[in-house]
1. First select every other residue whose beta carbon is under 12 angstrom from the beta carbon of Arg211; then total the charges, Lys and Arg +1, Asp and Glu -1.
2. Looking at Leu157, Ile169, Asn16, which one has the Cα that reaches farthest to the positive end of the dipole of the chain (charges on Cβ: Lys, Arg +1; Asp, Glu -1)?
3. Starting with the fewest neighbours, write out Glu198, Glu86 ranked by other beta-carbon atoms found within 10 Å of each beta-carbon.
4. Determine the dipole magnitude for the chain: charges of +1 sit on the beta-carbon of Lys and Arg, -1 on that of Asp and Glu, nothing else is charged, the reference point is the Cα centre, and the result goes in debye to the nearest 20.
5. Quick check: residue separation of Glu198 and Asn48 times 0.36 nm, minus the Cα distance between them. What number comes out in nm?
6. Can you work out the FRET efficiency for the pair Leu25 and Lys171, with r the C-beta to C-beta distance and R0 = 35 Å, to the nearest 0.05?
7. So what's the net charge close to Leu236: Lys and Arg +1, Asp and Glu -1, counting the other residues with Cβ under 12 Å from its Cβ?
8. Can you give the helix-only mean residue ellipticity at 222 nm for the chain, where every DSSP H stretch with n ≥ 4 adds -39500 (n - 2.57) and the sum goes over all residues, rounded to the nearest 500 deg cm²/dmol?
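What follows draws every value from the coordinates through simple rules; no lab data is involved. Since the model is a prediction, treat every value here as computed from it, not as a measurement. Heads up, the Cβs are rebuilt from the backbone with ideal geometry, glycines too, and the neighbour counts pull from every protein chain shown.
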Amino acid sequence: MNITIGLSYAPQEKTNTHYYSDALLRAASEQEVDLEIIDLYTSPEKINDIDGIVFTGGADVDPSRYGKESEREFCEEINPDRDKVEFSFADTADQRRLPILGICRGLQLLNVHYGGTLIVDLPRAGKLPHTKVDGVDRYHGVHIEAATLLKKITRQLDAPVTSAHHQAIDKIAPGMKVSAYSTDDHVIEAFEWEDQQEKPYLVAVQWHPERMDFDESLSGNLFKNFLFEVIAKKILAQRMTV
């Protein structure tokens with residue numbers, strides 16, 4: 001089977017974006033499917049050709065989108081053009097009921113898209129630093145809530161993850177439930193639909209599974225399960241057209 005995955009932002013000049021493609025391609029090889037990966041930011045017209053979408057990491061979401069304009073000075077890089085494009089991708093993904101995987105900024109953007117808010121800067125909010133150390137991803141523990149899709153995917157309750165962010169979820173979006181917290185300071189690290197019965201697949205994580213060892217439980221399993229859901233949705237759609 002051939003499937004196409006869109007990355008919301010992965011321009012070739014960004015040296016770390018290949019990690020997303022590498023992880024997806026490995027997951028595809030294990031499931032014996034032919035995978036095409038598209039950078040939607042440079043080819044936005046292809047949003048209607050993809051079978052699933054990964055919202056990738058990067059710059060801070062503009063705080064004007066979640067009512068915290070007064071705290072803009074505490075942001076790092078902001079890219080309003082990227083915000084505009086990726087929020088439109090989220091709208092289309094909802095309309096097309098595409099399977100969604102959100103990573104780091106992707107989690108934050110999706111939370112805002114669905115009506116939640118963000119902590120503009122974790123240390124100012126009394127939380128521990130979650131940023132890189134000397135340019136290297138920080139590691140910290142997360143606790144995964146029982147009876148969640150994330151627990152079923154990873155088969156873990158506590159595990160270490162990479163960390164490279166200074167913002168996080170403040171108010172969780174309506175209709176979502178928290179599926180993981182950081183163990184040391186209770187920062188929200190993942191969310192999913194509260195009622196998944198009538199909703200398309202969505203898992204969003206604050207860590208960077210694409211930059212972890214693929215065999216770690218909170219890394220490769222996320223990409224494999226995401227592709228499994230993409231494949232299942234495409235097979236079902238094909239059967240319904242016969």
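1. Around Arg211, the surrounding residues sum to -3.
2. Leu157
3. Taking fewest neighbouring Cβ atoms as first place, the list is Glu198, Glu86.
4. Working: 26 positive and 40 negative charges, 111 e Å.
About 540 debye.
5. 51.8 nm
6. For Leu25 and Lys171, the calculated efficiency is 0.45.
7. On the way: positive: Arg97, Lys233, Lys234, Arg239; negative: Asp51, Glu229.
Residues close to Leu236 contribute a combined charge of +2.
8. -9000 deg cm²/dmol
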